[in-house]
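Peer 1: Okay, here's the structure, questions in a sec.
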Amino acid sequence: MTLNIDDMASFCKRKGFIYPSAEIYGGLAGFFDYGPYGVELKKNIINEWWKFMVNSRSDVVGMDGSIISPESVWQASGHLENFSDLMLVSEDGSFEVRADVFLEEKLGKSFDGVSADEVNNLIKDNNLTGPNGKKFKTCESFNLMFPLSIGAKKVKGYLRGETTQMIYLDYKLIQQNARMKVPFGIAQIGKAFRNEISPRNFLFRCREFEQMEMQFFIDPKDRETWFKYWQEQRTNFYLNLGVKREHLRYRAHEKGELAHYAKRAEDIEYKFPFGWKEIEGIHDRGDWDLSTHSKHSKQKLDYFDEEKKESFVPHIIETSAGLDRTLLLLLYEAYEDDKERGNIVLRLHPKLAPIKVAVLPLVKKGGLKEKAQELFDSLKLDFVAFYDESGSIGRRYARMDEIGTPYCVTIDFDTLEDGTVTIRNRDTTEQKRVKIEDLRKELVF
Ligand code: GAP
């Protein structure tokens, strides 16, 4: 795992995974587009998460909420007041940077949860300046929400800063429609937007990104049990996808570092080349969200326990993962520069591989092209398949290794004689001869 983040970004661009957005116009920091293999990989991660968190359980259901909502939602949730980062701006206004990011770069340790006073003292004590010795103004707080003006009447709204707020607004309807009983969960995957001061490290900190979030509604007396339970489950999710245990750890938030809604938070961190960094948060949000929305909307958001014949406001344990960060860590786990083979091998779990099987005629002539296309047509509705006839067979295998394709199927002259093909395994490079009618049994994911 020696690839630095800039080299990873350039690998992703070269191989059709991820591109800087609007690059032909100079681009915009913190925005990315997913190319043909990136979008397949992302879809596969989404499928695995949804299966793990929703479809394999009877106590979690899904939803898909709106991305834009009125100001009142974010006023009530506390985001307009509290969802901010500390920013350092040079006296002439030409340079701005997120304070904790700047301090970490200059002083070589983490400053998560640092206060404005501490930043000002650290800047003074260490005589820190911006580029060309530019002095900083006093550290100030910067709200991360993206405001919008909606319709001809210019109603004030916001792009959502976290997907989860829509879950709280609909929780009562969902609980009733799906006849859920506490404890139960509601899950959602979708875009979130944050006006980050210092987007950096490629997909790690963007201004537009995706979250995979689940809110678990509980009786407050069970909070410890469910917090531990979801920590374990979420660790298993990464391990099941082939992430090495030693590349994962938990880090509890200090008191001053907790988000305004959290009573307790523990991050799952991954060992990136730029340090241990958060990929997911497990949060005890208490009754903050339902109580504040109930107060501001003047709607009852409590839950009636049929057995005990009593009402209460459920508390919430949240699991909140970043899809783009998950994709980045999975690329790091999979990436190997195989010197013996002479090419990169992306050892993605076969379930995640963007292309499942490549169909390759050894040469184009002698009827091999037609036979290969016939096989490709028979596979493509069941598997994400790829047809490639250009270049030497070795070069074509290497191209498939580089985007993580677990199987290459080659059609040669024997295929025309006896109806057999060779299957090449990405991880071992071993080749096996099988009859076309037995091929599907060999494609295991
Ligand atoms: N609903 C709770 C919540 O949003 P968070 O810790 O602010 O909690 C959860 O975000 C996850 O979203 C993070 O662990 C990270 O994976 C992802 N995330 C947050 N900000 C991000 C950004 N600017 N770029 C990419 N991913 C981000």
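Peer 1: State whether the residues of segment 243-264 include one that is within 15 Å of the ligand (Cβ to nearest atom), within 26 Å of Tyr34 (Cα to Cα) and among the acidic types (Asp, Glu).
Peer 2: no
Peer 1: What is the number of the single condition among (1) touching a residue at least 24 places away in the same chain (Cβ under 8 Å); (2) within 16 Å of the ligand (Cβ to nearest atom); (3) within 30 Å of Leu348 (Cβ to Cβ); (4) not in a loop (DSSP other than H, G, I, E, B) that Gly30 does not meet?
Peer 2: (4)
Peer 1: Filter segment 304-327 for residues that are of a type in the set (A, V, I, L, M, F, W, C) and either within 9 Å of the ligand (Cβ to nearest atom) or not assigned by TED's automatic domain parsing to the domain that holds Trp50 (or both) and give the result.
Peer 2: Residues satisfying the conditions are Ala321, Leu323.
Peer 1: Residues in segment 351-374: is at least one surrounded by fewer than 23 Cβ atoms within 10 Å (Cβ to Cβ), out of contact with any helix residue (DSSP H, G or I) (no Cβ under 7 Å at 6 or more places or on another chain), within 30 Å of Phe184 (Cβ to Cβ) and of a type outside the set (A, V, I, L, M)?
Peer 2: The answer is no; no qualifying residue exists.
Peer 1: Any idea which residue in segment 256-305 is surrounded by the fewest Cβ atoms within 10 Å (Cβ to Cβ), counting only those that are over 20 Å from Val101 (Cβ atoms) and of a type in the set (A, V, I, L, M, F, W, C)?
Peer 2: Phe304
Peer 1: Any idea how many residues of segment 111-140 are touching a residue at least 24 places away in the same chain (Cβ under 8 Å) and either within 16 Å of the ligand (Cβ to nearest atom) or of a type in the set (A, V, I, L, M, F, W, C) (or both)?
Peer 2: Result for segment 111-140: 9.
Peer 1: Which residue out of Ser66, Ser110, Ser58 is farther than 30 Å from Leu290 by Cα, assigned to a loop (DSSP other than H, G, I, E, B) and not acidic (Asp, Glu)?
Peer 2: The conditions single out Ser110.
Peer 1: Could I ask something else about it? May I ask you to list the residues in segment 69-107 that are under 26 Å from Ile174 (Cα atoms), more than 24 Å from the chain's Cα centre (by Cα) and assigned to a strand (DSSP E or B)?
Peer 2: Pro70
Peer 1: Would you confirm, using the coordinates I've provided, whether Arg325 is closer than 30 Å to Cys206 by Cβ and crowded, with 19+ Cβ neighbours inside 10 Å?
Peer 2: Working: closer than 30 Å to Cys206 by Cβ: yes; crowded, with 19+ Cβ neighbours inside 10 Å: yes.
When the stated conditions are applied, Arg325 passes them.
Peer 1: Now for a different question. Step by step: first the residues of segment 184-228, then only those that are within 13 Å of the ligand (Cβ to nearest atom) and of a type in the set (A, V, I, L, M), then the one that is farthest from Lys277 (Cα to Cα). Which residue is that?
Peer 2: Ile186
The values are calculated or read from the model by the stated rules, or taken from the named source; none is laboratory data. All of these numbers come straight from a predicted model, not from anything done at the bench. Here Cβ is always computed from backbone atoms with ideal geometry, including for glycine, and neighbour counts include all displayed protein chains.
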